[in-house]
Every structure is written in structure tokens, then in C-alpha cells.
Amino acid sequence: MDWQTTADAMPARIVSEARALTMAGRAPATGAWREGDPVGDRRFVTIGDLPLESGETLPGVRIAYEQWGTLSPRADNAILVLHALTGDSHVIGPAGPGHPSAGWWPGVVGPGLPIDTDRYFVVAPNVLGGCQGSTGPASLAPDGSEWGARLPFLTIRDQVSAQLAFAERLGISRFAAVVGGSMGAMHVLEWAIMAPDAVERIAVLAAPAAATADQVALNSVQIEAVRADPAFRGGDYYDAPDGEGPTRGLALARRMAMLNYRTAAELNSRFERSWQSGLDPLGGGGRFAVESYLDFHGNKFTRRFDANSYVVLTQAMNSHDVGRGRGGVASALARVTAASLVLGIDSDRYFPLDGQVEIAAALGRSAHGPDPVMLHSEYGHDAFLIEHAAVGEALRTLLAA
């Protein structure tokens with residue numbers, strides 16, 4: 001559960017009045033990509049009806065994706081990049097029509113970079129249940145209305161089932177690597193367990209083998225923040241005018257999440273007790289700079305994301321447990337045959353390092369030994385999106401394995 005854009009993932013800084021004004025005006029009821037919006041760099045594949053773990057079937061599933069590079073004649077140079085909770089398929093590239101923000105991993109993916117698009121065919125799908133072109137709550141159901149809260153419950157495994165069908169439609173039977181961070185890393189683990197023959201290498205960045213009670217608890221209060229907004233209307237808000245959607249609840253959930261993704265040390269050192277303006281926050285009508293920072297990014301988030309998708313994807317993360325129905329975590333991870341990179345962040349207070357220690361110790365073909373690669377960073381969970389040089393070096397080692 002991390003940042004989508006390069007700008008959002010950069011080190012925290014005081015929000016100027018000029019930047020704050022860029023969020024002026026009423027936010028739309030949803031920041032989802034909708035039919036009729038500019039397509040941008042998206043492509044689409046329909047994978048058809050998808051059986052779900054719940055026993056239900058999701059009909060007519062479509063996956064939006066982007067791609068870079070050229071698939072080799074033998075189709076043996078493909079890398080699958082899987083995004084985190086609030087990400088999408090726009091891994092690299094500028095903001096523009098169809099893409100409200102620039103790509104989220106520009107220092108890692110691209111020509112000559114660790115995931116080298118001159119060498120590899122790189123493909124990135126928007127996750128099932130997301131809001132940027134793949135089937136999700138803002139998509140139209142067979143009755144012609146948005147799915148909204150009627151969308152069936154999705155698990156991490158359901159999302160990987162959709163990705164497997166998507167890869168089949170592209171004609172890719174085996175990936176040179178499957179790479180992801182946070183929620184995307186949960187998908188990576190399931191790929192390696194569900195389809196070991198389809199994965200040559202895996203990169204698991206900043207994620208556990210199973211969501212803990214603490215992590216589920218943190219997620220649950222964010223879900224409740226969204227649902228408690230009166231404008232959420234039980235998930236049926238897509239016809240609301242600008243400014244009347246569930247933006248307050250979604251922005252509040254985002255503020256809560258941000259405190260999980262960054263560190264106390266970073267916020268304290270960058271903001272201290274500074275004021276946002278000349279107005280005293282102690283009864284004088286002013287605000288602390290850190291409050292303004294959270295407000296700005298919460299409001300910005302509502303303009304590119306969907307409240308129902310936030311609930312659906314957060315619930316999917318709560319479902320994450322590679323050991324469920326497989327005899328436990330150790331037994332499940334023993335099925336992994338791919339060469340592996342497991343990377344943890346020493347300051348991550350959302351998915352602490354012990355989760356990556358457990359994974360790395362259980363994988364037999366590690367590119368770095370039985371311990372995870374530990375990234376030292378002040379940026380917490382978001383470091384895998386910020387510390388491009390260190391993450392890139394680890395990925396180069398994996399791809400050379």
C-alpha cells in the first residue's frame with residue numbers, strides 16, 4: 001500500500017500555498033478511469049469469465065495494461081511488473097491525457113535501467129478490482145450500471161488468476177521475472193506458488209508471506225473511514241456531482257495510510273513544529289505544516305482513485321496468506337522453484353523486516369543467500385519506490401542469476 005506517483009513518493013516536504021491551490025475546486029465523485037476517457041498508453045485484453053475463490057464467477061473480465069520493449073521470437077524475455085495498492089499500469093511515462101500523473105518507477109524501468117526495456121519486454125497490468133481500466137467497482141456490470149459494492153469479494157489469489165489468464169492471452173507461458181512491491185509482491189509470491197513453471201525469477205519487495213493481525217487492523221480502520229463517509233452511500237455514488245462523492249472518507253483513509261508508509265523520523269526532521277502559514281495553529285486558525293502535507297496528498301489522491309476500489313483492494317490484501325489451505329507458510333514457500341530476490345526495509349513500520357526474513361529463509365534459490373537484502377532508508381515502506389539505486393542494484397543481481 002504505497003504511493004502511485006513519483007511526486008508522491010518523493011521525500012516529504014512542506015506544501016507551499018501555490019501547490020495547495022492546485023487542489024482547489026471540487027473533486028470528482030471518483031478518480032477512476034471511465035469508458036470514454038482518454039486511453040493514453042493503455043491496452044486492453046478481455047479474459048472472459050473468471051471463477052473466484054468465493055465460488056462466484058466474475059463475468060467478462062477485462063485487464064488494462066501497458067508494455068515497453070519487444071517480445072523476443074521465443075517469448076523468453078518478458079518481465080511482469082505488478083503494482084501496489086494505489087498504483088496502476090503506468091509504470092513509466094509522462095502525465096498526460098488518460099494518465100493524471102507520471103509513471104511510478106522511472107528510475108528502475110526503462111532503456112539501460114535495471115529492468116532494461118532495450119533488453120526485456122516489460123508488461124504491467126492494472127490489478128483486477130483496480131480503477132484504471134481493469135474490471136473493478138467503477139466498471140459497468142452486465143446490467144449496465146457500475147458494479148460498485150456489488151463486485152464480488154476478491155482475494156490476492158483471484159487477482160493472480162486473472163493475471164495468469166492475461167499472460168496466456170498475450171502468448172507468454174513463462175516470464176523471465178515477475179517483480180512487485182507491497183501488494184504487488186503478494187501477487188509475486190502467489191505467482192511462484194500457483195504457477196511455478198511460468199516464473200523463472202521473482203522479486204519480492206517489502207511484503208510479508210501473510211498479512212498479520214496488526215496489518216489487518218491498520219487496513220480495517222481505513223476501510224471504515226471510507227464507508228463512514230455519508231457520501232459513500234453504500235458504494236453507490238457514481239452519479240454524484242463533483243464535490244459530492246465520498247472524497248472526505250477516501251482522503252482520510254489516505255492520510256492514515258501515509259502514516260504507515262513513512263517514518264516518524266522523516267516527518268519530524270522535515271516538518272518539526274513548523275506552521276503552514278503565518279496563522280498560529282494554536283487557536284489562531286492556522287495549521288501545522290505536517291497537517292497541510294497530509295491534507296494535500298489526501299485531496300490529491302481522491303482525484304485519481306476510487307473509493308470502492310480502495311475498499312476492494314484493501315480487503316484483498318487482508319486475504320493474503322500464502323499458507324492458507326497449503327499446510328502453512330513454510331509448506332507453501334517450499335513449492336517455489338524460481339530464483340528469488342527478497343528485499344526488506346529497515347524502517348518499514350507497515351510491513352516490518354521480519355516478514356521478509358521469514359520469506360527469504362524459506363526460499364531455496366535465493367540470489368543473495370538465506371537473509372533478505374536489507375535496504376537502509378529513512379523513508380519507511382515507500383523506500384522501494386524512492387531508493388532507485390539500491391533497489392536497482394538488487395534487481396540487476398537477480399536478473400543476472
Margin query: I'd like the accessible area for Arg304: 1.4 Å probe, protein heavy atoms, all chains in place, Å² to the nearest 10.
Written below: 20
Checklist line | Cα-based shape type of the range 190-326, given that a ≥ b ≥ c are square roots of the gyration tensor eigenvalues and the cut on a/c is 1.5 | finding: oblate
Margin query: How large is the translational diffusion coefficient of the range 247-401 in µm² per second when you combine the Kirkwood radius over alpha carbon pairs with Stokes-Einstein at 25 °C and 0.890 mPa s?
Written below: 134
Checklist line | Sequence of Phe44, Phe296 when ordered by accessible area, the most exposed leading, probe 1.4 angstrom | finding: Phe44, Phe296
Notebook entry, point to check: Cα extents of the chain along the three principal axes, largest first, in whole Å?
Noted result: 64, 51, 41
Notebook entry, point to check: How much accessible surface area, in Å² rounded to 10, belongs to the heavy atoms of Asp41 with a 1.4 Å probe?
Noted result: 80
Next item on the list: Enter the Cα centre distance for the pair the range 361-401 and the range 171-217, rounded to the nearest angstrom.
Entry: 14
Item checked: CD proxy at 222 nm, helix term only [per DSSP H run n ≥ 4: -39500 (n - 2.57); per residue of the chain; nearest 500] -> -10000 deg cm²/dmol
Checklist line | Within the accessible area of the chain (1.4 Å probe), percent carbon and sulfur | finding: 53
Check: Once you list every other residue whose beta carbon is under 15 Å from the beta carbon of Arg396, what net charge do they have if Lys and Arg are +1 and Asp and Glu are -1?
Finding: -2
Next item on the list: Choose one answer from Gly328, Gly133, Gly245: the residue with the largest mean-square fluctuation in a GNM of the chain with alpha-carbon springs under 10 Å.
Entry: Gly328
Check: When Lys and Arg each count +1 and Asp and Glu each count -1, what net charge do the other residues less than 11 Å away from Gly133, Cβ to Cβ, add up to?
Finding: -1
Margin query: Suppose accessible area is computed on protein heavy atoms with a 1.4 Å probe; arrange Glu378, Glu272 from highest to lowest.
Written below: Glu272, Glu378
Checklist line | Local electrostatic count, Glu200, Cβ distance below 9 Å [Lys/Arg +1, Asp/Glu -1] | finding: +1
Notebook entry, point to check: Largest first, what is the accessible-area ranking of Ile202, Ile386 with a 1.4 Å probe?
Noted result: Ile386, Ile202
Item checked: FRET efficiency, Ala400 to Arg326 (Cβ-Cβ, R0 25 Å, nearest 0.05) -> 0.25
Item checked: Solvent-accessible area per residue for the chain (1.4 angstrom probe, square angstrom) -> 38
Notebook entry, point to check: Tell me, what is the FRET efficiency for Leu259 and Ala213 to the nearest 0.05, using R0 = 25 angstrom and their Cβ-Cβ distance as r?
Noted result: 0.85
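The values are calculated or read from the model by the stated rules, or taken from the named source; none is laboratory data. As the structure is a prediction and not an experimental result, all values here were calculated from the model. Note that each Cβ is placed from the backbone with ideal geometry, even for glycine, and that neighbours are counted across all protein chains shown. Keep in mind that these areas ignore ligands, DNA and RNA; they rest on the heavy atoms of the full protein, side chains included. Shrake-Rupley method; radii C 1.70, N 1.55, O 1.52, S 1.80 Å.
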